[in-house]
1. So which lysines pass the test for LYS10, namely a Cα distance under 28 Å, with those fewer than 8 places away in the same chain ruled out?
2. Among the listed pairs LYS373/LYS446; LYS291/LYS373; LYS16/LYS152, which have their C-alpha atoms separated by more than 32 angstrom in this model?
3. Provide the per-residue ³J(HN,Hα) series for the stretch 393-405, in order, calculated from phi with Karplus coefficients 6.51, -1.76, 1.60 and θ = phi - 60°, each as a whole number of Hz, with x at glycine and proline positions.
4. In whole angstrom, how far apart do the alpha carbon centroids of the stretch 15-72 and the stretch 457-536 sit?
5. Using Cα-Cα distances under 8 Å and only pairs 6 or more residues apart, what relative contact order does the chain have, in percent?
6. Quick one: which of LYS108/LYS134; LYS330/LYS363; LYS65/LYS197; LYS79/LYS487 span more than 20 angstrom between C-alpha atoms?
7. Can you tell me what share of the DSSP beta bridges in the chain is antiparallel? A percent to the nearest 5 is fine.
8. Using 0.36 nm times the number of residues separating LEU129 and TYR318, minus their current alpha carbon distance, what extension gain do you get?
Amino acid sequence: MNFIEKIITKELEAGKHNKIITRFPPEPNGYLHIGSAFAINISYQMAKKFNGQFNLRFDDTNPTKEDIEYVHAIEDDFKWMMFDYGETAYFGSDYADQIYQYAIYLIKENKAFICHLSQDEMRTYRGTLTEKGKESPYRNRSIQENLMWFEKMKSGEVEEGICVLRAKMDMGDPNLLMRDPVIFRVLHQSHYRTKDKWCIYPMYDFAHPIQDYIEGVTHSLCSNEFVNHRPYYEWVLNNLDLEKPLPRQIEFGRLNLTGVVTSKRYLKQLVASGVVEGWDDPRLPTLKGLKKRGITPKVIVDFLEEIGVPKNESTIDYKLLEHFVREDLKETVPCFMTVVDPLKVVITNLENEEVLFADNHFKDESFGKREIKLTKELYIEREDFSENPPPKYKRLTPVGEVRLKHGFFIKCHEVIKDESGKITEIHCTYDPETKSGSGFTGRKVKGTIHWVSSYSRPVEIRTYEDLFLETPSDDTLVESINPESLKITMGRIEDNLEASFDAGHSRFQFIRMGYYYMENRNLVHRIVSLKGNKKK
């Protein structure tokens, strides 16, 4: 068991809980990404392991940044990932009246006060890590005066920034978060759910533990960046005179991923700049992007389970996810020939089409075989022919000979170019005695290349590389973009592949090229190349 499972097991054995309830509380101000899935999976698996309940609750207490678009996107991602959150999601905004009443309770208990210090003044009064803070001159107002001002805030009589409601904690606490934090502020903004009902909104750290309590959450699981927030979380619950047991916050190790950015701020900047095509761009680590690229929920969960539940911060190479993609697809998808960047070849001495046979999988015979035809006109990869080959080049040249996969030896005898000097087609001859599987041993060739016949069909193929050339910063985010991160070509797919797609398959191995996802009949995405590393 991981350390969280041990804690929960001990509490169940002690009779502290009858049912385990966990939650994930996203702000609806952006899209979920692989880091979000990591946190979700931990809470979801804890609830699942102990036959408990898992809640999806939107932390929508800031109307300036939230939108129903993000709510729908997050719900869709949960359903795609098969994270079951019950019949409906919860919304923090639905608890606005209760949270407001709890604030009233704190005022009446002389544990909260209305403060008229400006933000700059509060920052000065707060102190530093080495100096204690100073109490606000408004801290000792009467309960009646505080209630009066809080009512004015609620009724819309107070402009933004004039005053706030602060909790009375301890201005000498070494934890800066505990130095009389703001718990309610005025925002004259329309909320996407409650519209104009409220003009005061609670701060996240105040609302969050209350929302957990209302829902009966037993364990609030979060990354260790919230360790310093735990005393605040506990103060709120302990000072509201709530029935036991109270929710418990437990932190796990934060996940860092190399090679990608998961900061919501960075992702928004990339989308807004137009560098990527949207939140679902397959180069992004968003769940929408991973889905569009062709990565399955199973692979993502396998990747997350491999990471486990670390107690301390860890750094994982994003390439490990690609390793899991390959491990899954190499066993489960058929293999076909597809040319990503086509170069036309004419077999000048071919009079009649030759019928060939190919396995649909390198190892699994249950995938069966298919019939392919060698036609007079066919297509090979442009990079598989070179007039001036580099050392150790084992593909087709004007003086060399190669085997067509599943077919025959071919030899080039003429190169056709356009006015700019670009090669438009090559003319070759084939040796009918060299059919693959015929047992021919007369001579050997150094290379075998894939190809597609004239029955192939053109489709758009999108090939993705790493989005960044180097780890970006605030100042270099856009400048760090890899200009070769997306390459779009009009490739050609084997006619058998199209038939397989029509039969329900959407993921394939393209021989020698990688694993690909066919989004529709006219668009194909490369999921991953054939080889990579699995660094941790």
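Values quoted throughout were computed directly from the atomic coordinates according to the rules given, and no laboratory measurement underlies them. Given the structure is predicted, the values throughout are model-derived calculations rather than measurements. As a convention, Cβ positions derive from the backbone with ideal geometry for all residues, glycine included, and neighbour counts pool all protein chains shown.
1. Reachable lysines: LYS19, LYS48, LYS49, LYS244, LYS311.
2. Details: LYS373/LYS446 23 Å; LYS291/LYS373 34 Å; LYS16/LYS152 42 Å.
Checking Cα-Cα distances, LYS291/LYS373; LYS16/LYS152 exceed 32 Å.
3. Once θ is set to phi - 60°, the couplings for the stretch 393-405 become 6, 10, 10, 7, 9, x, 10, x, 9, 9, 9, 7, 3 Hz.
4. Answer, in whole Å: 31.
5. So the answer I get is 12 percent.
6. Those over the limit are LYS108/LYS134; LYS79/LYS487.
7. Restricted to the chain, the bridges split so that about 65 percent are antiparallel.
8. Residue separation times 0.36 nm, minus the Cα-Cα distance, leaves 64.5 nm.
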